[in-house]
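Values in this text are rule-based calculations from the coordinates and carry no lab data. The structure displayed is predicted, hence computed values, not measured ones. Don't worry about glycine lacking a Cβ; one is built from the backbone with ideal geometry, like all the others, and counts go over all protein chains shown.
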Amino acid sequence: MSGPSDYQPSNPALQWIERRLPILGLMHSSFVVYPTPRNLNYWWTFGAILSFMLGIQILTGVILAMHYTPHADLAFKSVELLVRDVNYGWLLRNMHAVGASMFFVAVYVHMLRGLYYGSYKEPREVLWILGVIIYLLMMATGFMGYVLPWGQMSFWGATVITNLFSAIPYVGESIVTLLWGGYSVGNPTLNRFFSLHYLLPFLIAGVVVLHVWALHVSGQNNPDGVEPKTEKDTVPFTPHATIKDMFGVACFMLLYAWFIFYMPNYLGDADNYIPANPGVTPPHIVPEWYYLPFYAILRSIPNKLAGVIGMFGAIIILCFLPWLDAAKTKSSKYRPLAKQFFWIFVAVCILLGYLGAQPPEGIYVIAGRVLTVCYFAYFLIVLPLLSRIEKPRPVPNSISDAVLAKTGSRSTPMVSTAIMLALAGSLFAGSVDSAKASEGSDQPPGNKWSFSGPFGKFDRGALQRGLKVYKEVCASCHGLSYVAFRNLAEAGGPGYSVAQAAAFASEYKVKDGPNDAGDMFERAGRPADYFPSPFANEQAARAANGGAAPPDLSLITKARSYKRGFPMFIVDFFTQYQEQGPDYVSALLQGFEDKVPEGVTIPEGSYYNKYFPGHAIKMPKPLSDGQVTYDDGSPTTVAQYAKDVTTFLMWSAEPHMEARKRLGFQVFIFLILFAGLMYFTKKKVWADSH
Amino acid sequence: MNPDASTIAAGAPIEVDLSPVAEGQDIKVFWRGKPIYISHRTKKQIDEARAVNVASLPDPQSDEARVKSGHEQWLVVIGICTHLGCIPIAHEGNYDGFFCPCHGSQYDSSGRIRQGPAPANLPVPPYQFVSDTKIQIG
C-alpha cells in the first residue's frame with residue numbers, strides 16, 4: 001500500500017469495476033508491485049505459510065462441521081463415523097487436527113523471527129500487538145476445537161481450563177457458569193464452544209487483514225534491520241516474494257503431510273480416543289503441546305490466582321515488548337549479547353514445554369519454577385538492561401550494502417552453534433529426567449507389525465484369524481460398536497467378499513423396532529448393522545464384571561499407549577513408530593502371570609498382569625493355547641492369537657490406514673517435485689537480485 | 001448465556017438412600033453434573049478429622065462444621081478438586097481422605113485441603129437428613 005495505485009486494467013469490464021471499486025488496484029499495489037526488502041531470508045516466508053494454514057483450517061473446518069454433531073452424547077461417535085464413512089473423512093480430520101499443530105509451529109517460528117530481528121520496534125508496534133491478538137485468538141480457537149471430539153482429554157482439558165477463570169476474585173464463579181451454561185462442563189458447554197470455534201477463525205481472518213494492512217503501511221522489517229532507502233534496496237513482491245513464499249509453503253507442506261499421512265496421532269493424546277466420562281479423571285491431564293510452556297508456568301506457581309496471572313501474563317507481556325526493549329538497533333544480528341540471550345530464551349521455552357508434559361512432582365516443580373523466573377526475567381530484566389549496556393556492532397548503511405557485504409562474511413555459523421548448544425543442553429537435561437521417569441514400569445516389548453512403516457499393509461490372514469479370535473473369545477464381554485459388518489468387505493480390510501460379509505452378519509441377532517405393534521423384535525444381522533454389544537449399557541457391563549466395565553474395542557489400539565520418554569519420542573518422529581497401542585494390547589494379552597511378584601498385592605477378584613498399569617486387572621487371562629482353531633495351519637498359541645487379534649483391532653481402529661499410507665506416498669512424490677520446481681523457478685527469478 | 005430453564009430444572013434436589021453404604025465405604029452420586037461423595041466414615045477417620053488443630057489448616061474449618069450433628073459418620077462433599085476441577089480419588093493420599101491425581105492435592109477425612117496447590121476445602125453441598133438413612137441433596 002504505497003500510495004494510490006496507478007494500475008489500469010486493460011479489459012473494459014475490469015475498467016468498469018475498477019472505476020467503481022478499485023479493488024484490483026488495491027490487490028495490485030499490495031501484492032504485485034509492493035516493494036519488499038531484497039535481503040529477506042526464508043524465515044520471512046512464514047507469514048505466507050500462516051495465511052495458507054488459516055485457509056486450510058477454515059476450508060477443512062467448514063466441511064467437517066457439515067458432518068459433526070455438537071451434542072454430548074453424539075459428538076464422539078459423529079467424529080468417529082466421519083473418519084470411517086465420509087469420503088476422505090479421515091483425510092479431512094487429519095488435515096484439521098494436524099493443521100492446528102502446524103499452525104502453531106508456524107506461528108512460533110514467525111514470533112521468534114520477529115523477536116530475533118526486532119520486528120516489533122518503531123514503527124511496527126501496532127503490527128506486533130495485532131500479531132499478539134491473533135495469537136491469543138488462535139489459542140482460544142485451538143482449545144475450543146480440541147474440546148469438540150468430546151474425548152476424555154477434551155472433557156478434562158475443558159474442565160481444567162474453564163476452572164482457571166474461577167481464580168478471578170468476586171466474579172470468577174459467575175464467569176465459569178457463563179462458560180459452562182450449567183453447573184459443570186456438559187452439553188451446553190459443548191454447544192457454545194462449537195459456535196465460538198466456528199466464529200473465531202473468521203475474527204482471526206479479520207485481524208490478519210489488519211495485520212497485513214499495518215505491515216504494508218510500515219513496510220517489512222528485514223534481517224539487517226535498516227529501512228529501505230532507495231529502489232535498489234527492494235524488489236517487487238511479485239514475482240520475487242510470491243515465488244519464494246510458494247517454495248517455503250511447499251517445504252512446509254512436506255512436514256505437514258508427514259504428520260497427516262504417516263503419524264496423524266503423534267501430536268495427540270491416546271486418552272482422547274476414550275469417550276468423555278465426567279466420573280473419571282484421567283491420571284495425567286496434559287494440554288496440547290502448544291500450550292505446554294504456559295501450562296508449566298501455571299503449575300509452577302503454588303498459589304492458584306498467582307498461577308493464572310502468571311500464565312496469562314506470560315502472553316500479555318509480549319504486548320509491551322516494543323517498550324521493554326528500547327535498543328535502537330533492531331536486528332540481533334548486530335547485537336552480540338541480545339543474540340545469545342535470545343537463544344537461551346528459546347531453550348527456556350522448549351524446556352518449559354517439556355516440563356508442562358511431566359507430572360507435577362519433585363524435580364520437575366523446582367525446574368519449572370527456575371525456568372518461569374528465567375522466562376519473565378528475559379522480558380523484564382535482560383531486554384531493558386541490554387538496551388542500556390550493550391554495544392551493538394555497526395549496522396550497514398543500506399540494504400544493498402548488506403547484501404553486497406554478505407558474500408564475504410557469514411554470520412550463520414555463530415547462530416547454528418547457539419542452536420546446537422541449546423538443543424544439546426535440553427537433550428541432556430531431558431535425558432536425566434526421563435531416565436528417572438521410566439524406572440519401575442514395564443515397557444511392552446516392541447513387535448514387528450505388518451502394518452507399520454510408510455508402506456505397511458494389514459496381513460489379510462491375520463485380520464481374518466483375529467476376527468475369529470474376537471468373535472469366539474473377546475466378544476463375550478467386549479463390544480466393537482463402531483465396526484459394521486459391511487466394513488469386513490471393504491478395501492484394506494480382512495478381504496472378505498460382500499456375500500461373505502452378509503453371511504457373517506446373518507449369524508448375529510440384532511435388535512430392531514419398534515414394529516407396527518410397537519414392540520422391539522430381533523432379526524438376523526444385515527451388512528449395514530454394527531457389531532452388537534454384549535451388554536445393554538455400561539451399568540450392566542459393570543455389574544456383570546465385578547465393577548469394571550470391559551471397554552469397547554473399536555478404538556482400543558488408538559486409545560491405549562505408553563510413555564516412550566525422552567529421547568525416544570524424537571526418534572519416533574523419524575522412524576514413524578506409532579505402534580504403542582498395538583504393542584501394549586498384545587503385551588497385555590500375554591502379560592498374565594500366575595505367580596504374583598513380591599511387593600505387589602492383588603485385591604480379591606483381580607488378576608496380576610505385568611503390563612497393566614498398577615498390575616491388578618479385573619479381566620481374567622482370556623487366551624490359552626489351542627483355544628481357538630485356525631483353518632489355515634497357523635500355530636494356535638497365545639502369542640499368535642495376541643498378534644492376530646491385535647492386528648484385527650488395529651484395523652478396526654483405523655479401517656482406512658492402507659488408503660492413508662498409499663495416498664501419502666503419492667502426495668509426497670507430488671510435493672517433492674513441486675518444491676523442486678518452485679526452488680529452481682525462484683533461483684531464476686532472483687538471479688539478478690542477489 | 002446463563003443456564004437455561006431445563007438445566008436449572010434438572011438441578012432440582014435429589015434424595016439418596018444411605019442404608020446400603022457400609023462403614024468405611026463411600027458412594028458417588030451425581031447432582032447438577034457434579035460428583036458428590038458420600039462417605040460412611042469409620043471411627044478412626046472421625047477421630048483423625050477432629051484431632052487436627054484447626055488453626056493450622058490452610059482453609060481453617062472444624063470437622064463439626066462440615067457434617068450434621070448427630071450424623072457425624074456421614075461426610076457429604078462435592079468431589080471436585082478446588083484447584084482446577086479434577087475428581088479426587090477417595091481413600092487415597094496421606095490423610096485418609098481424598099487425593100487428586102491431576103496436580104497432587106490431598107484432602108483429609110473431612111474433605112479439608114491438607115497439602116498441594118488447591119486453595120480451599122472440598123465444598124459441602126446443601127443437604128439435610130430426611131430420615132436417619134436418607135438425605136436430600138440440594
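In region A:240-326, with Lys and Arg counted as +1 and Asp and Glu as -1 at Cβ, which of these residues, A:317, A:306, A:242, has the Cα nearest the positive end of the dipole, that is, farthest along it? Of the listed residues, the answer is A:306.
Based on the Cβ-Cβ distance of residue A:630 and residue A:457, what FRET efficiency does E = 1/(1 + (r/R0)^6) give at R0 = 25 Å, to the nearest 0.05? Efficiency for this residue pair is about 0.75. Positive end of the dipole of the protein assembly as shown (Cβ unit charges, origin at the Cα centre): among A:290, A:669, A:562, the Cα lying farthest that way belongs to A:669.
Bridgeable lysines around residue A:684 (alpha carbons under 21 Å apart, same-chain partners fewer than 8 residues away excluded): A:232, A:244, A:406. About its Cα centre, the dipole of the protein assembly as shown is roughly 2660 debye, where the only charges are +1 on Lys and Arg Cβ and -1 on Asp and Glu Cβ.
Counts of other chain beta carbons within 10 angstrom of each beta carbon in peptide A:360-370 average 1.
In chain A, the longest principal axis of the Cα atoms and the axis of helix A:304-316 are about 50 degrees apart. Under the criterion of Cα pairs below 8 Å and six or more residues apart, the relative contact order for chain A equals 15 percent. Basic side chains Lys and Arg get +1 at the Cβ, acidic Asp and Glu get -1 at the Cβ, and with that the dipole of chain B about its Cα centre reaches some 160 debye.
Just to confirm a number: summing +1 for Lys and Arg and -1 for Asp and Glu over residues other than residue A:391 whose beta-carbon lies under 14 angstrom from that of residue A:391, what do you get? Taking every other residue near residue A:391 into account, the sum is +4.
Using just its DSSP H runs of length 4 or more, each adding -39500 (n - 2.57), chain B gives a mean residue ellipticity at 222 nm of -3000 deg cm²/dmol after division by all residues.
Working note: Cα gyration tensor of region A:460-663, eigenvalues times five, square-rooted, sorted largest first, giving semi-axes of 30, 24, 17 Å.
For residue B:74, the residues whose amide H sits under 5 Å from its own are B:41, ignoring neighbours fewer than 5 places away on the same chain, with H placed 1.01 Å from N. Of the residues A:277, A:230, A:191, the one whose Cα sits farthest toward the positive end of the charge dipole of region A:187-283, with +1 on the Cβ of Lys and Arg and -1 on the Cβ of Asp and Glu, is A:191.
For region A:197-280, a simple Cβ point-charge model (Lys and Arg +1, Asp and Glu -1, everything else neutral) yields a dipole of about 160 debye relative to the Cα centre. Note on region B:22-86 and region A:524-562: Cα centroid distance 35 Å, given to the nearest whole angstrom.
In percent, how large is the relative contact order of region B:21-137, given Cα pairs closer than 8 Å and 6 or more residues apart?
About 21 percent, as a whole number.
Beyond 23 Å in Cα-Cα separation lie the following of the pairs A:304/B:34; A:558/B:28; A:77/A:563: A:558/B:28; A:77/A:563.
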